[in-house]
Structure formats: structure tokens, C-alpha cells
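The values are calculated or read from the model by the stated rules, or taken from the named source; none is laboratory data. What you see is a predicted model, and the numbers here were worked out from it, not measured in a lab. Backbone-built Cβ (ideal geometry, glycine too); neighbour counts: all protein chains shown.
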Amino acid sequence: MNPRIFLLSAAVVFASMYPFTGHGEVRKLRDVVVYRDTAFHAAFPSIVRRPDGELILAFRRAPDWRLYGAKAYSHTDADSQLMMVRSRDDGATWSVKPELLFAHPYGGSQDPCLLQLRDGTLLCASYGWVQVREDVLEKLPRPVVLHEGGQGRFALFGGYLLRSTDAGHTWDGPFVPPVPPPEQFYNSFGQKVPALNRGAMYEGKDGRIFWAVAVGSRVQPKQVSLHLMISSDHGRTWTYSCPIASDEQAFFSETSVYETPKGDIVTFIRTENFGDEACIARSTDGGKSFGHWQGMGFRGHPLQAVRLADQRVLLVYGYRHAPYGIRARVLNAECTDFATAKEIVVREDGGGVDLGYPWAVVLGRDRALVVYYFNEADGTRYIGGTVLGLD
């Protein structure tokens, strides 16, 4: 039997052990515009809800160079910065002028990924690219992770973390995490690439923070693999734990982590060279090891999961195939019914593939807000959102 078919069949059988416990359908209530400015490309949001109900949303912003004659956007930009907006009415209205969360002194920053700890501390994980002059590039150790952007050649400088103890009004850092032991590539500073990835970290029941990081490069013949880093001191220090997923053909990158009520550590994985199929890998021993990764049977990337009031899991993901947009599924508490859970179309009016990266937050027992970046008719990329009703 084809091993993928076997794994999906096994997932369906296993799902029967954890039946769907929902009481009704998920309903789309309304779409909202969180942040839009025609001068900027706004993308890659993450969101948290503070104990007092305030919503904090971080995103990456860069100039829209098409206004100055560029043919297209580039996601590597020396001027990209991490920005932040707030809402005190469950996302109905947002601060008009964004706050600067962080601007890296050496280059453009990407994908701010927020995590709110139970003690109120905010962590933000990001990474970035340095625009490299040719006379510097030739002196860097090899192999080095390079990307051709609209402004020239960029070298990856790796991941970093920021920390706030006052609801994001001030931030400490950047703190550079350790290099995962399997990493073999060098960054723009001639050092091994520090841990990085785009995706949700997760604070487990025992206070440990789980972070799925990507190792390697899309530069052939190297492949991108996933590995687990764990912090036991609120993100101040990190320890390498184990591999999550690797393959000779499929690439694994932007990944979110979730801990189930039973204590399984579940990772929701973006793939390339695998038909854009979403994948999943699971640890049943608290993050010491992971079983073999498997396809989830549907296309979408990247993904993020949040626990609902009744223990079900809202899984959201971008859909970069016509009709372009945002989709979701509601999984059972242990995330075992991914092969049969109904797909929910959140948006299907997107203007092309440059959209997505959704992130959800629960507003109460009966509502959730999904935020993402979006474009209509290839226009200004902006941060949008959709309020879902949870019957």
C-alpha cells in the first residue's frame, strides 16, 4: 500500500477515538480592514489578546516600490520593519497610526511572531536579511543562504527574539537564539545561522515553550528540515531537543506548534515540492521525539492553530490557488480528524498568490478573529481580518 494512503487511513481510524464535539457550524460574521496604507506592503501578521481584552497585532511593513517604477513586490527588503497596531473593541476598530515594534540596524526584518505567556510577558520571534555588497559577499564563508530581491542580493542573518513586559509599549532585545546543531549554513556575519522560522510558538502546560525551527536552505541540493527548540525559562534560553521532519524531496519550513489537552506536541507544517499539501507531525513524549510526518490531505500554507472554549481547535491557513484566499478547519481536541474535518472558506476573493499567512485569536466562547494579509485585484497588500461565529 502507498505509505501516504496508509497514514491517512490510520488518521481516520484514530480520529474515531476522538469524536467531533462541536455544537454547530462556524459562521462568517464580517470582514474588517486592520491596517492599509497605499504607500506600504503590509504582510505576515500575528495577534494576541491581552488579559484586559486588548488585541495586539504585529506585522511586517515595507515600502511599496511599485509606486516608484518597480515591476513587482519583493519579500526581501532592506527597509522592512516590524510594526504593531491595537484594538480595544474586539477588532472592530484599530489604532490608525502603527507603532514601530522594531527596526533591525543591519537589514530588513520578517514575520513577527507573537506569543503571550501566562505571566503576561510578550515574546516576538523574527528573522531578517542583509543586502550584501559584492565585495563583502565574496568573503563570506560558504555555504551562505542568499536570495535575489528587488534591491539586489540578500544574505540571511538568522533569527532573533524580542521581549516585552509592559504590553508591548517597550521591547528588550534583540536576543539571538542558539544555532541548531544540524545547521551547516552561514549568515551575513560569517557565523552559523541562528535558529529561525515563521510560525506560532506555544507555551505548554508545564511552562515550557516549544518552537519549531527550520534548518538548511532552498539552495539545492540541500533540503529544509524542521527541528524542535525548547525554552524552560520563558524564552530567555533555548535548548535543542530533536528533529521534527525531514525528507529527500519535500521541503519543510513555516510551522506552528500546538499542545493538545492530552499533552501531545503537534506541529502544522508548510511544504514545498509536495503539491502545497499541508503536513502534520506529532510528539507523544513531550517533545523528546516525533513520529513520521504525514500529509493532511488538503492544500494550504502556512498554518496556525488556536484552542476554542470547548477544547476544539481552529486551524487556519492561506490558500494560494484559485480562488485565492483564506481557509480554516475545526479539529477535535487532539487534532486527529484533520483528514475528515470540513473545510471552511473564509475568503475567496483574493487578487493573486501574494496573500495569506493567517493567525487566529479567540474573542470569547462564541467568536474568533482571523487576521491575514490580503490583496484585491493585485492592489495594495494590507492587513485584513474576518470575525467568525462559533455556534
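When CYS335 is tested against the conditions (1) at pLDDT below 95; (2) closer than 26 Å to SER231 by Cβ, the lone failure is (1). For the stretch 322-346, the set of residues classified as under 19 Å from the mean Cα position of the chain (by Cα), free of Cβ contacts under 8 Å to residues at least 60 places away in the same chain and either under 27 Å from ARG61 (Cβ atoms) or part of a loop (DSSP other than H, G, I, E, B) (or both) consists of TYR324, GLY325, ARG327, listed by residue number. Among the residues of the stretch 138-157, write down those that are assigned to a strand (DSSP E or B) and either within 24 Å of ASP64 (Cα to Cα) or of a type in the set (Lys, Arg) (or both). Scanning the stretch 138-157 gives LEU146, HIS147, GLU148, GLY149, GLY152, ARG153, PHE154, ALA155, LEU156, PHE157. Among the candidates LEU146, LEU137, LEU123, LEU117, the residue that is aliphatic (A, V, I, L, M) and in contact with a His (Cβ under 7 Å, 6 or more places away or on another chain) is uniquely LEU117.
Per this entry, ALA250 is not counted among residues that are buried (at least 21 other Cβ atoms within 10 Å of the Cβ) and among the small types (Gly, Ala, Ser). I need the full set of residues from the stretch 165-207 which are within 23 Å of LEU137 (Cα to Cα), in a loop (DSSP other than H, G, I, E, B) and either more than 22 Å from the chain's Cα centre (by Cα) or among the hydrophobic types (A, V, I, L, M, F, W, C) (or both), in order please. Within the stretch 165-207, VAL176, VAL179, GLN184, PHE185, SER188, PHE189, GLY190, GLN191, VAL193, ALA195, LEU196 qualify.
Each residue in the stretch 149-166 was checked for being surrounded by fewer than 16 Cβ atoms within 10 Å (Cβ to Cβ) and either without any contact (Cβ under 8 Å) to a residue 40 or more places away in the chain or at positive phi (or both), and 2 of them qualify. Of the residues making up the stretch 146-168, just one is aromatic (Phe, Trp, Tyr) and closer than 25 Å to ARG86 by Cα, namely TYR160. Among the residues making up the stretch 61-80, those that are under 22 Å from ALA377 (Cβ atoms), not aliphatic (A, V, I, L, M) and not in a helix (DSSP H, G or I) are ARG61, PRO63, ASP64, GLY69, LYS71, TYR73, SER74, HIS75.
Per the conditions (1) surrounded by fewer than 14 Cβ atoms within 10 Å (Cβ to Cβ); (2) under 30 Å from CYS335 (Cα atoms); (3) at pLDDT below 95; (4) not basic (Lys, Arg), the sole criterion not satisfied by GLY53 is (3).
Counting the residues of the stretch 216-258 that are of a type in the set (S, T, N, Q), assigned to a strand (DSSP E or B) and at pLDDT below 95 gives 2. Would it be correct to say that ASP135 is closer than 26 Å to VAL306 by Cβ and either part of a loop (DSSP other than H, G, I, E, B) or among the acidic types (Asp, Glu) (or both)? No; evaluated as a whole, the condition is false for this residue. Going by the conditions given, is ALA305 under 26 Å from ALA43 (Cβ atoms), in a strand (DSSP E or B), small (Gly, Ala, Ser) and in contact with an Asp or Glu (Cβ under 8 Å, 6 or more places away or on another chain)? Criteria not met by ALA305.
A single entry from ASP310, ASP349, ASP285 fulfils the requirement of being under 30 Å from GLU376 (Cβ atoms), charged (D, E, K, R) and assigned to a loop (DSSP other than H, G, I, E, B): ASP349. PRO112 - would you say it is within 21 Å of LEU228 (Cα to Cα), assigned to a loop (DSSP other than H, G, I, E, B) and either in contact with a Lys or Arg (Cβ under 6 Å, 6 or more places away or on another chain) or not aromatic (Phe, Trp, Tyr) (or both)? When the stated conditions are applied, PRO112 does not pass them.
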